[in-house]
Structure formats: structure tokens, C-alpha cells
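J.: Just passing along the structure, written as C-alpha cells.
Please treat every number below as a calculation from the coordinates, not as lab data. No experiment lies behind these values; they were computed from the predicted model shown. Backbone-built Cβ (ideal geometry, glycine too); neighbour counts: all protein chains shown.
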Amino acid sequence: MDPRPIGIFDSGAGGISVLREIRKLMPWESLVFFGDDANAPYGTKPQEQVCGLSQDAVRFLLGKDCKAVVIACNTATAAAAAFLRGKYDMPIIGMEPAIKPAAALRKDGIVISMATPGTLGSRKYSDLMARYGEGVVPLPCPGLMEFVERGDLGSEELHAYLKQLFLPYAERLVDAVVLGCTHYVFLRRTIAAHFPPGTAIVDGNLGTAKQLARRLKETGLEASSDGEGAVRIYSSGGEESLKTFRRLYEAEDEA
Ligand code: DGL
């Protein structure tokens, strides 16, 4: 049994959707969240830079005595997971766009894979596409995470952005949409409104939380399930970002 906290980081508010999922699955674990707003977005930066920023985030979490780290960011996972695993001797759990489960839902239509340019341009993503990518169309969404950072989950401006983004697929049959960036998980309903009812909207958050649970068990790092863990939230971006993080963390609705 290990009462030390689990560290979770992202470029910003998107990782809060992962924090929520982990909290739901393991309320007895203490969690420390770090959102690197001061350096967001990661998705339009070169991989080496994202790798350096991810290492800084891990250092911050180690300073909080974390026993494991969740990279709650598809972009940072693609850029830095292998490097971080080589460097730190502790469980490091990453994320990838949920193309595999989405591809299993495909019938006669296509799967739209929404992610940052950084994720879609990564080696990790091409490997994933080579295995499960039949009928999967990549859709880079530069600028979309910024709406969530501002706490905007459904304005007219956001709907106009999405309408333009999905325009090339307006006449296509879409079986599933992959939310391949943790920020987009907060936009699930807003995105779903642009597709016929019944279109599957798929994310990787629950899979990540379950993978974390498995790794903690394997390594004997689980906390005792008797108590309730503490949750601490930090931001490199100051008070305004922290307020948005807290509001998204405490929101009643499902992310
Ligand atoms: N939330 C991040 C992801 O899952 C990236 C957003 C960004 O910083 O561009 O990819």
C-alpha cells in the first residue's frame, strides 16, 4: 500500500477530464494535477519542445512526491512518453486517440479522428493508423483547445468553428468520431450536435484510468481503498486558469 499521490499533467484544462475519470474509478487515491497553461498549446509546437515541457511537468509532479504519472495529453504522450519512461523508474501512463475501439464500431461509414496537428503528425499516430486506420480520416483541429481553455464549451463562435471544420464530411456517412485530445472530451455534446443522433463519440479516458489501475496493482503502488484521497490542482498559468480548472473539475455534468 502506498499513500503517495498520482501525478497527472496536460497542457491545460483537457487533463481535468482525465482527472475526473481517475477520481471516479479510484476515489481513494490522492491526485495532483498540473496544467501547463503558460506553455499551451502543445499541439502546434515542435515535438522536441513538447518533450522538454513534459519533462518539466514531471519534475514538478516529482516535487510533490508522486508515485506514478499520467500524461493526460495525447500530444505529450506522442512526443515524450518513450523518453520519460527511459528516464524515470516509475509507472508512466500515456494516452492515444481511441482509434482501435472506434474502428471496431465502423460499419459502412468513416471514422473521423480529431486531434492536434502534433498528435496526427507523430510516429506513434502513424503506427496506430497502420494497425487500425482503415476508414479513419484524420482531422487536425488547431485552435479548438483554446475554446476549452477559455471555458467556452458551447458558444455560437465555437459552433461556427466546428461547422467549418466538419464541412468536408457533411455528405459522408460518419459512424464514429474520435476525441483524440483530452480538451475535446469537454466538447462531447457540442461536437455530437454536428452529427446525426447515434453517431458514436469515442474517447480514451476510461481506458487510461483502467490502465493506471492495472499498473498500480502490478507494481504494488495502490493506496488503501479505505479512505478518500485528496485532490490538488495546480496551473502554470495563474489564478484565471485555476478557476477554469476547478469549475470544470466540479461541474455536475458528465464530461
Ligand atoms: N490536451 C492535449 C491533447 O490531449 C493537447 C492540447 C494542446 O495543448 O494542444 O492532445
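J.: Between K107 and R85, what is the FRET efficiency for a Förster distance of 35 Å, r being their Cβ-Cβ separation, to the nearest 0.05?
T.: Working: r = 37 Å, r/R0 = 1.05.
Rounded to the nearest 0.05, the efficiency is 0.45.
J.: Under the 0.36 nm per residue contour assumption, what length would be gained going from the current alpha-carbon distance of R59 and R4 to full extension? Don't skip to the end; give the middle numbers.
T.: Working: separation 55, 0.36 × 55 = 19.80 nm, distance 1.56 nm.
Stretched fully, the R59-R4 segment lengthens by 18.2 nm.
J.: Choose one of G180, L162, T190: the residue whose Cα lies farthest towards the positive end of the charge dipole of segment 150-191 (beta-carbon charges +1 Lys, Arg; -1 Asp, Glu; about the Cα centre).
T.: Of the listed residues, the answer is G180.
J.: To test your reading of the geometry: what angle, between 0 and 90 degrees and rounded to tens, separates the Cα axis of helix 156-166 from the longest principal axis of the chain?
T.: Roughly 70 degrees between the two axes.
J.: Mind scanning K24/K210; K67/K217; K24/K124; K210/K243; K64/K217 and naming the pairs with a C-alpha gap bigger than 19 Å?
T.: Values: K24/K210 11 Å; K67/K217 13 Å; K24/K124 28 Å; K210/K243 28 Å; K64/K217 21 Å.
Beyond 19 Å: K24/K124; K210/K243; K64/K217.
J.: What is the magnitude of the charge dipole of the chain about its Cα centre, with +1 placed on the Cβ of each Lys and Arg, -1 on the Cβ of each Asp and Glu, and no other charges, expressed in debye to the nearest 20?
T.: Working: 29 positive and 32 negative charges, 123 e Å.
So the magnitude is around 600 debye.
J.: May I pose another question? Going by C-beta contacts inside 10 Å, put H194, H159, H183 in order with the fewest on the left. Walk me through the numbers before you get to the answer.
T.: Details: H194 17, H159 14, H183 29.
By the 10 Å Cβ count, ascending, the order reads H159, H194, H183.
J.: Got a sec? Charge dipole of segment 1-74, +1 on Cβ for Lys and Arg, -1 for Asp and Glu; which of I22, C66, G52 is way out at the positive end?
T.: So the residue furthest toward the plus end is I22.
J.: What does the extension gain come out to for A170 and S126, with contour length at 0.36 nm per residue minus their alpha carbon separation? Write out the running numbers ahead of the final one.
T.: Values: separation 44, 0.36 × 44 = 15.84 nm, distance 2.55 nm.
Working it through step by step, the gained length comes to 13.3 nm.
J.: How far is helix 239-250 tilted off the main Cα axis of the chain, in degrees rounded to 10, range 0 to 90?
T.: Result, in degrees: 80.
J.: May I have the extent of the alpha carbons of the chain along their three principal axes, as whole Å values ordered from largest to smallest?
T.: Largest first, the chain extends 53, 39, 37 Å along its Cα principal axes.
J.: Also, quick follow-up: Using DSSP loop states and a limit of at most 14 other Cβ atoms within 10 Å to flag GluC sites (Glu not before Pro), what is the longest stretch of the chain containing no flagged site?
T.: Numbers: sites that count: E134, E171, E228, E252, E254.
So the longest stretch without any such site is 1-133.
J.: Here's a follow-up. Using alpha carbon centroids, what distance separates segment 133-183 and segment 192-255, in Å?
T.: 21 Å
J.: Using 7 Å Cα-to-Cβ label points, what is the K24/R247 separation (nm, one decimal)?
T.: It is 2.2 nm.
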